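The values are calculated or read from the model by the stated rules, or taken from the named source; none is laboratory data. The model shown is predicted, which means the values in this text are computed figures rather than measured ones. Here the Cβ positions follow ideal geometry from the backbone for every residue, glycine too, while neighbour counts run over all protein chains shown.
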Amino acid sequence: MAESSDFTGIAVYGSGRAAAPPDVVRIDLAAEASSEGVQAALTEATNGLARMREALTTAGVQGVDLRSAETSVHVDFGPRGDGPQRYVARLGLSATLRDVSTAGSVVQDALGSAGETARLSGLSFLHSDPSTLLLTAREAAFADARAKADQYAALAGRTLGEVAAVEETAGGGPIPVFRASAGVPLAADFTVDGGTQEVSVTVTVRWSWA
């Protein structure tokens, strides 16, 4: 933060945090298939993705919460590069689930519907509306800054005047909790626990001397 050369006062940092259980789960799925022909690999992956999408919509996931993700086709020559040439097609799908309590069963049903083509790339938690948490974190950050400023003013034998400037840095975000490589099986009863998600704010406040 740039300081004015004629500024007389005090500048302090304050930090604040607020946490609450997340209400949204974002999952990254994919259907992956391999074959000696490009078209055959694409067809198998497309069918797997269609079954996965159908399972999600049957579970109540709205179309606006489904989004096509990473899509690719590449050639696989085997682990040592000397195997038979095969084509691998991967079609990605991201879904936003708005009920954390049922997310585990929804993910399991979606993967089960796609059979051997099913892949789970990641799962993360977030808040659909973090504004309330940010308000709480800002109040805590400003209170922290004010407490520090009062202490320094007392130590300096001065009195705080008006606030001259405020600068904020916000933090927090989605928390990835699960990442699986291709072919990793899920437990018979797959559950997810969201815990709490934290939002943090750091603020710099400048007070003039009274």
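Numbers at a glance
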{"item": "Where residue 39 falls short, out of the listed (1) loosely packed, with under 13 Cβ neighbours inside 10 Å; (2) part of a helix (DSSP H, G or I); (3) under 21 Å from the mean Cα position of the chain (by Cα)", "result": "(3)"}
{"item": "Residue check for residue 15: of a type in the set (Gly, Ala, Ser) and surrounded by fewer than 15 Cβ atoms within 10 Å (Cβ to Cβ)", "result": "no"}
{"item": "Inter-residue pairs, beta-carbon under 9 Å, first closer than 13 Å to residue 51 by Cβ and in segment 114-132, second part of a loop (DSSP other than H, G, I, E, B) and charged (D, E, K, R), 6+ apart", "result": "none"}
{"item": "Residue among 84, 21 that alone is within 30 Å of residue 136 (Cβ to Cβ), exposed (fewer than 15 other Cβ atoms within 10 Å of the Cβ) and in contact with a Gly (Cβ under 9 Å, 6 or more places away or on another chain)", "result": "21"}
{"item": "Subset of segment 44-87 that is in a loop (DSSP other than H, G, I, E, B) and under 28 Å from the mean Cα position of the chain (by Cα) - its residue that is farthest from residue 102 (Cα to Cα)", "result": "62"}
{"item": "Residues located in segment 98-122, provided they are within 23 Å of residue 196 (Cα to Cα) and crowded, with 23+ Cβ neighbours inside 10 Å", "result": "103, 107"}
{"item": "Some residue of segment 2-23 being aliphatic (A, V, I, L, M), at pLDDT 95 or above and not in a strand (DSSP E or B)", "result": "no"}
{"item": "Candidates 72, 94, 131, 68, filtered to the one that is of a type in the set (Ser, Thr, Tyr) and surrounded by 17 or more Cβ atoms within 10 Å (Cβ to Cβ)", "result": "94"}
